[in-house]
Amino acid sequence: MAKEKGVIVSFRVDRHLADVLNKAPDKSAFIRDIILRSFYESCPVCRGRGVVPEELARWSEAQMRAAGTQECHCCRYSYPKSETGGAKSKRKTDERFVCPHCQSHGHGH
């Protein structure tokens with residue numbers, strides 16, 4: 001299968017920002033990364049690193065167990081039941097939870 005080519009998107013920036021961007025080793029990758037990150041918030045526990053020390057991992061797991069969680073059928077992130085309406089939900093047992101993010105972006109496979 002042929003590799004899909006990207007679509008070119010252009011936008012205007014001021015001279016100062018253009019100078020800063022031109023110093024980036026891979027300007028396109030940098031801009032793509034920043035745009036994608038802007039759609040999500042950094043994890044307050046790992047601060048966007050993707051890993052945490054063992055003590056923080058154990059603490060986080062204990063907090064999630066205590067709060068009770070519900071996993072999104074689409075993205076597989078666990079959400080506190082208090083935030084999902086899971087405790088009050090009258091969903092049928094065969095209906096699957098889809099988080100607000102996946103719902104708003106038309107996911108929910």
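In segment 50-73, the residues that are at positive phi reach residues that are assigned to a loop (DSSP other than H, G, I, E, B) and surrounded by 10 or more Cβ atoms within 10 Å (Cβ to Cβ) with C-beta atoms within less than 9 angstrom, at least six apart or across chains, in these pairs: G50/C43; G68/G86; G68/A87. Would you mind stating whether R76 is outside any helix (DSSP H, G or I), closer than 24 Å to S104 by Cα, basic (K, R) and within 16 Å of the chain's Cα centre (by Cα)? Taking the combined requirement at face value, the residue satisfies it.
For (1) outside any loop (DSSP other than H, G, I, E, B); (2) hydroxyl-bearing (S, T, Y); (3) farther than 29 Å from H101 by Cα, each residue gets a yes or a no:
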position: S10; (1), (2), (3): no, yes, no
position: A18; (1), (2), (3): yes, no, yes
position: F30; (1), (2), (3): yes, no, no
position: L36; (1), (2), (3): yes, no, no
position: P44; (1), (2), (3): no, no, no
position: R47; (1), (2), (3): no, no, no
position: V51; (1), (2), (3): no, no, no
position: A57; (1), (2), (3): yes, no, no
position: E61; (1), (2), (3): yes, no, no
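Condition check: of a type in the set (G, A, S), exposed (fewer than 10 other Cβ atoms within 10 Å of the Cβ), modelled with pLDDT under 90 and under 25 Å from H105 (Cβ atoms). Does S38 satisfy that? So S38 passes the test.
The values are calculated or read from the model by the stated rules, or taken from the named source; none is laboratory data. Bear in mind the structure is a predicted one, so any value in this text is a computation, not a measurement. Cβ coordinates were reconstructed from backbone atoms using ideal geometry, including for glycine residues, and neighbour counts include every protein chain displayed.
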